[in-house]
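The values are calculated or read from the model by the stated rules, or taken from the named source; none is laboratory data. Note that this is a predicted model, so its numbers are computed, not measured. Here Cβ is always computed from backbone atoms with ideal geometry, including for glycine, and neighbour counts include all displayed protein chains. Note: areas computed on protein heavy atoms with side chains; ligands, DNA, RNA excluded. Shrake-Rupley method; radii C 1.70, N 1.55, O 1.52, S 1.80 Å.
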Amino acid sequence: MRIGILGGTFDPIHLGHINPALDVKQQLNLDQVWLMPNHIPPHKNSTMVSSYHRLEMVKLVCQQYPQFELCDIEIDRDTPSYSVTTLTLLTQQYPEHEFFFIMGMDSFIQLPLWHRWQSLFSLCHIALCQRPGWTMDAQSEMAKQLLFRHAQASELTLKNHATHGKIFSVNSQLVNISSTEIRQQLAQNTDTSKVLLPSTRQYIDQHQLYQ
């Protein structure tokens, strides 16, 4: 199967995560998208709520969208969630699957700062979602990678297409808001209906998170 992987702290999970994942699934004709909450994100100091609550919120989303599956491979890990470590484990556990690592342009630009980032291309494709306000220096390392590895979705229909190492650009209905801004809205008890699913907001209110 073709599996999209969307990792993140999901603190909380919001439409800025959900909408692009749905677009990637449709445009690249994936079988599923696995939502993968991080336990200890290597690029952030901490999360605002516990791994348990973040996992439960992702479970609620998966219950609403049959396109999504929960992937809990990172949430129980006691070490930082390096993507290359996770993708290595996933390709060993599921050698029959073809993986598409979903990321926004903001993360893609920062990829050279990631642990063993070049190894990702030997493990998966990258599904690149544009994000409002982010542009890339044409002389940067990642601009060169994009030029070298860029592929069209139509290539996936070819019988002998590459099973990793390509970058597919996806046109996505992005929500231009960050989890930080959503947490501020929640702390102020303002309307979040344009950025959170009702079930997510209900869970947050029920457990008095982000107060």
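Overview of results
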{"quantity": "Long-range neighbours under 6 Å by Cβ, at least six apart or interchain, first residue without any contact (Cβ under 8 Å) to a residue 12 or more places away in the chain within the stretch 146-164, second part of a loop (DSSP other than H, G, I, E, B)", "calculated": "Glu155/His161"}
{"quantity": "Count - residues of the stretch 190-211 that are within 20 Å of the chain's Cα centre (by Cα) and either open to solvent by 80 Å² or more (accessible area, probe 1.4 Å) or on the phi > 0 side of the Ramachandran plot (or both)", "calculated": "1"}
{"quantity": "Number of the condition not met by Phe148 [criteria: (1) open to solvent by 100 Å² or more (accessible area, probe 1.4 Å); (2) under 18 Å from Asn19 (Cα atoms); (3) part of a helix (DSSP H, G or I)]", "calculated": "(2)"}
{"quantity": "Among (1) in a helix (DSSP H, G or I); (2) surrounded by fewer than 20 Cβ atoms within 10 Å (Cβ to Cβ), the one test that Thr135 misses", "calculated": "(1)"}
{"quantity": "Qualifying residues in the stretch 177-189 (those that are free of Cβ contacts under 8 Å to residues at least 60 places away in the same chain and assigned to a loop (DSSP other than H, G, I, E, B)) - the one least open to solvent (accessible area, probe 1.4 Å)", "calculated": "Asn189"}
{"quantity": "Pair list, Cβ under 8 Å, 6 or more apart: the stretch 190-211 residue in contact (Cβ under 8 Å) with a residue 40 or more places away in the chain, other residue open to solvent by 30 Å² or more (accessible area, probe 1.4 Å) and assigned to a loop (DSSP other than H, G, I, E, B)", "calculated": "Lys194/Val175; Val195/Val175; Leu209/Met48; Tyr210/Met48"}
{"quantity": "Scope the stretch 167-176; condition in a loop (DSSP other than H, G, I, E, B) and either aliphatic (A, V, I, L, M) or buried (at least 17 other Cβ atoms within 10 Å of the Cβ) (or both); matching residues", "calculated": "Ser172, Leu174, Val175"}
{"quantity": "Index of the failed condition, His164 passing every other in (1) in contact with a Leu (Cβ under 9 Å, 6 or more places away or on another chain); (2) in a helix (DSSP H, G or I)", "calculated": "(2)"}
{"quantity": "Residues of the stretch 74-109 classified as modelled with pLDDT under 95 and among the aromatic types (Phe, Trp, Tyr), total", "calculated": "2"}
{"quantity": "Residue within the stretch 185-199 that is modelled with pLDDT of 95 or more and under 21 Å from Thr88 (Cβ atoms) present", "calculated": "no"}
{"quantity": "Every residue from the stretch 96-113 that is more than 21 Å from Cys71 (Cα to Cα) and out of contact with any Phe, Trp or Tyr (no Cβ under 6 Å at 6 or more places or on another chain)", "calculated": "Phe108, Ile109, Gln110, Pro112, Leu113"}
{"quantity": "Test: residue in the stretch 114-129 that is outside any loop (DSSP other than H, G, I, E, B), of a type in the set (Ser, Thr, Tyr) and open to solvent by less than 30 Å² (accessible area, probe 1.4 Å)", "calculated": "no"}
